[in-house]
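Undergrad: Once you've had a glance at the structure underneath, I'll fire off some questions.
Read-outs throughout are calculated quantities, based only on the coordinates presented, and are distinct from any laboratory measurement. Here the structure is a predicted model, which is why all the values come from computation and not from measurement. Don't worry about glycine lacking a Cβ; one is built from the backbone with ideal geometry, like all the others, and counts go over all protein chains shown.
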């Protein structure tokens, strides 16, 4: 376990996508809130300074201003850390972006707890809960660099508000560069019939590692990347529940109101089966190395494996 | 649409104030005070200073008007109906189920509404965005935004004020409807936002202070704001909350209460 090749961070895929958009699209405008080096939006700013605005440490005004620019026909990106956009500018996202359905792409970085040593104030453990509380907003959390770039470019080519959580750390490579992913389509990465492991972000590689371990014990796990939390892929999840009869959902987020809740609702409406949830249980995290944090807060392949065994026992 | 003179706008204000009273009475709820305090300003905008076409509300070159203090939307609906954005009879649907005339402005529901407001403090940022897009696209439109002296308690307003000045958004004109009253009482008692002109100047805005019920002064300030270059422009309009209806004037309790049948009759008689 843990032998997977590391790719680049998903925030670096964002930088690449923005460079591509800077060179191909005249309607793209990018905002940041004094974190342009960290989020990689600075790469766009270097190429298109006339369409890049560092709003300063003013997330609320940044979102409102971005919405006004979008209302005039632009495709607008707003970026800062996941926690700061969602927690500091939530009402602006509600009133100025989601409600009027402005074409604003909320691409945030340093999501989850794996940003590491900066500690809990910088970490987002509730961003999906908030993003899912914005009706009509597409919500995406890519697992690796190749899939992140594709999904960001697809979002840029589609009208309407989209929320992305990207990560600070190098992410394990899950996809080949030429593997096509689509917004709203869950990816079935291994096709087992005994149990389903649903995950996204950093927990996807952990789930694949857990599936390898299970395979050694004769248990065939189906692993699904639900990179798009909304719109949720009901067909793929419903089929997985029906065909495997047990499911684990793993995410770098509170276990309430994130991927686990969305998948559980979908499974409840399609084919109810026993489920277990891997995530942060009623807690904030702390400073530490990313791997240490994942271990301490129960977000490793071993934790997915333990959850799979629990759910298999319940399946009977 | 015809452009009215200042004198004609004064006459139009009576019509607008009557609409405000009638639609709030019909709805049975709403905010008369802040609509009546801004009647001269909003009337001057819609009937003289805004370059707009009610039949082409999405014209990319239109001037924008954003009502940041969204609870005062009856004055905007009244002016829009009088301009021909929608039938005057539709004013009677204010706040009713299925109506395009929502209790606070909703973008996309009623053509001509530029922003969804009502959660206070957000309109200046959205106006910034329109002003910025106009600059990026080389369009000559102006963006007008109306704020309240209570609303600017909100910190986002000052973030937005910094941004507009930093980027020298000289196509942006903010009008602070300084009627001295917010929901819970007088702004001087709840949270003092004075001295207003000094604050806006300190934030980098060219600022004038006027009597917001003096139509000639309103016209002159709006002309000055449109002509001003190199910084955003702020008009601090000293107004009377509930202006035009004696029993509503300067009374905090008339911030958010609709007149009953008797009060409506007395108000209309006073307005004339």
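Undergrad: Given a Förster radius of 41 Å and the C-beta distance between residue A:170 and residue B:168 as r, what FRET efficiency does 1/(1 + (r/R0)^6) yield to the nearest 0.05?
TA: Values: r = 41 Å, r/R0 = 1.00.
The value I calculate is 0.50.
Undergrad: Follow-up. Give me the angle, in degrees from 0 to 90, between the Cα long axis of helix A:59-71 and the longest principal axis of the Cα atoms of chain A, rounded to the nearest 10.
TA: Computed tilt is about 80 degrees.
Undergrad: Can you tell me the orientation of helix A:10-24 relative to chain A, as the angle in degrees between its alpha-carbon axis and the longest Cα principal axis, to the nearest 10?
TA: 40
Undergrad: Could you work out which residue, out of B:165, B:127, B:72, moves most in a Gaussian network model of chain B, that is, has the largest mean-square fluctuation with Cα springs under 10 Å?
TA: In the Gaussian network model the winner is B:165.
Undergrad: Rounded to the nearest 5, what % of DSSP beta bridges with both residues in the protein assembly as shown are antiparallel? Write out the running numbers ahead of the final one.
TA: Details: 11 of 66 bridges.
The answer is about 15 percent antiparallel.
Undergrad: Further question on the same structure: On average over all directions, what projected area in square nanometres does the protein assembly as shown have, based on the convex hull of its Cα atoms? Spell out each step's value before the answer.
TA: On the way: hull surface 110.1 nm².
That works out to 27.5 nm².
Undergrad: Let me have the relative contact order for the range B:156-272, percent, based on Cα pairs under 8 Å that are six or more residues apart. Before the final figure, lay out the partial values.
TA: Values: 163 pairs, mean separation 38.1, N = 117.
Computed value for the range B:156-272: 33 percent relative contact order.
Undergrad: Between the range B:25-66 and the range A:173-245, how many Å separate their Cα centres?
TA: A separation of 53 Å, based on Cα centres.
Undergrad: Another question, then. Suppose each label sits 7 Å from its Cα in the direction of the beta carbon; what would the residue A:37-residue B:11 distance come out to in nanometres?
TA: Result for the modelled spin labels: 6.5 nm.
Undergrad: When a footprinting reagent is the concern and you count Cβ atoms within 10 Å, what order do A:170, B:243, A:37 take, fewest first? Walk me through the numbers on the way to the answer.
TA: Details: A:170 16, B:243 22, A:37 10.
With the sparsest Cβ surroundings first, the list reads A:37, A:170, B:243.
Undergrad: Please find the FRET efficiency linking residue A:46 to residue B:137, where r is the Cβ-Cβ separation and R0 is fixed at 25 Å, and quote it to the nearest 0.05. Please list the in-between numbers first.
TA: Values: r = 22 Å, r/R0 = 0.89.
FRET efficiency, residue A:46 to residue B:137: 0.65.
Undergrad: Separate question: First check a/c for the range A:187-315, with a ≥ b ≥ c the square roots of the eigenvalues of its C-alpha gyration tensor; if it is under 1.5, answer rounded, and if not, answer prolate when a/b is larger than b/c or oblate otherwise.
TA: Working: a/c = 1.76, a/b = 1.28, b/c = 1.38.
In terms of gyration-tensor shape, oblate.
Undergrad: Next question, about the same structure. May I ask for the percentage of alpha-carbon pairs in the range B:94-234 that lie more than 23 Å from each other?
TA: Numbers: 3803 of 9870 pairs.
That fraction is 39 percent.
Undergrad: Hey, fewest Cβ within 10 Å first, where do A:101, B:95 land in order? Mind showing how you got there, number by number?
TA: Values: A:101 16, B:95 19.
Fewest-to-most ranking of A:101, B:95: A:101, B:95.
Undergrad: Here is a follow-up. With springs only between Cα atoms under 10 Å apart, run a GNM on chain B and tell me which of B:124, B:67, B:50 wobbles the most.
TA: B:50
Undergrad: What percent do you get for the relative contact order of the range B:6-271 when only Cα pairs under 8 Å and 6+ apart count?
TA: Numbers: 554 pairs, mean separation 65.3, N = 266.
Value for the range B:6-271: 25 percent.
Undergrad: At residue A:120 and residue B:261, where each label point lies 7 Å from the Cα along Cα→Cβ, what is the point-to-point distance in nanometres?
TA: Here the modelled spin labels are 6.0 nm apart.
Undergrad: Given the rule -39500 (n - 2.57) for each run of at least 4 DSSP H residues, summed and divided by the residues of the protein assembly as shown, what is its mean residue ellipticity at 222 nm, to the nearest 500 deg cm²/dmol?
TA: On the way: 22 runs with 230 residues, N = 588.
The per-residue figure over the protein assembly as shown is -11500 deg cm²/dmol.
Undergrad: Of all DSSP beta bridges in chain A, what percent run antiparallel (nearest 5)?
TA: Numbers: 9 of 42 bridges.
The antiparallel fraction comes to roughly 20 percent.
Undergrad: Moving on to the next point. Just to confirm my numbers, what's the Cα centroid distance between the range A:82-112 and the range A:257-316 in Å?
TA: Distance between centres, Cα-based: 26 Å.
Undergrad: If you don't mind, another one. How would you classify the range A:7-172 from its alpha-carbon gyration tensor, with a ≥ b ≥ c the square roots of the eigenvalues: rounded for a/c under 1.5, else prolate if a/b is greater than b/c, otherwise oblate? The partial results should precede the final answer.
TA: Working: a/c = 1.37, a/b = 1.10, b/c = 1.25.
Rounded, since a/c falls under 1.5.
Undergrad: What number do you get for the range A:208-257 when its Cα radius of gyration is normalised by 2.2 N^0.38 Å, N = residues? Mind showing how you got there, number by number?
TA: On the way: Rg = 12.3 Å, N = 50, 2.2 N^0.38 = 9.7 Å.
After normalising by residue count via 2.2 N^0.38 Å, the value is 1.26.
Undergrad: Does a label point 7 Å from the Cα of residue B:228, set along Cα-to-beta-carbon, have any residues of the range B:145-160 with amide nitrogen under 13 Å, and which are they?
TA: Answer for this model: B:145.
Undergrad: Okay, which of the range A:188-227 sit inside 15 Å, backbone N to the point 7 Å along the Cα-Cβ direction of residue A:182?
TA: Counting backbone N atoms under 15 Å from the label point, the list is A:188, A:227.
Undergrad: To test your reading of the geometry: what angle, between 0 and 90 degrees and rounded to tens, separates the Cα axis of helix A:301-315 from the longest principal axis of chain A?
TA: The helix A:301-315 is inclined about 50 degrees to chain A.
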